[in-house]
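Engineer: Handing you this structure, nothing more for now.
Since every read-out is calculated from the coordinates, none of them should be taken as a lab result. In this text, all values refer to a predicted model and were calculated from it rather than measured experimentally. No Cβ is skipped: glycine too gets one built from the backbone with ideal geometry, and neighbour counts run over all protein chains shown.
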């Protein structure tokens, strides 16, 4: 089962995904894409660590997500990716433009063939005004495209608002 879990910032996406992962009864591998570039981000990462089950395996990977998914794939595993928004930011800010195109394509190609359950957490950022700045607009565009392709690929899609999940697919 592949599931995309989207919603706004602090909407309860991660908590919902963690609940689903725990309910599978499978060995959970938590794949974190964040990098602690400053004290505020380090505090956010630490808060997420404290909320997670201590028995879950943690893999930190900011760029090569598809490779990590393939390496850890097994039928008795649930992989929780938190979050695609930061992963996409990492790709778009890479010095090498090819990294973005290649890693995005690899994720979309590998996802349908994974035996593990996969929960993908991502922020919905396209519901506001069109931002100023080329990179900001590109991020909104690429995020929207990625969400559409993942929603098409995934078995389930959930929208989270105020901690409440709404099933979209």
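Engineer: Ranking request for peptides 54-60, 141-147: highest mean number of other beta-carbon atoms within 10 Å first, then the rest in descending order.
Structural biologist: Values: 54-60: 11.6, 141-147: 16.9.
Averaged packing, sorted descending, gives the order 141-147, 54-60.
Engineer: Would you mind computing the Rg to Rh ratio of region 66-123 from its alpha-carbon coordinates, Kirkwood style for Rh? Kindly include the intermediate steps, with their values, before the conclusion.
Structural biologist: Working: Rg = 11.9 Å, Rh = 12.0 Å.
Rounded to two decimals, Rg/Rh equals 0.99.
Engineer: Now for a different question. Rounded to whole Å and ordered largest first, report the semi-axes of the equivalent ellipsoid of region 109-167 derived from its Cα gyration tensor (root of 5λ).
Structural biologist: Working: eigenvalues 118, 55, 13 Å².
Semi-axes from the Cα gyration tensor: 24, 17, 8 Å.
Engineer: Here's something else I'd like to know. What does the convex hull of the alpha-carbon atoms of the chain project to on average, in nm²? Show your work: numbers first, answer last.
Structural biologist: Details: hull surface 38.5 nm².
Seen from a random direction, the Cα hull of the chain projects 9.6 nm² on average.
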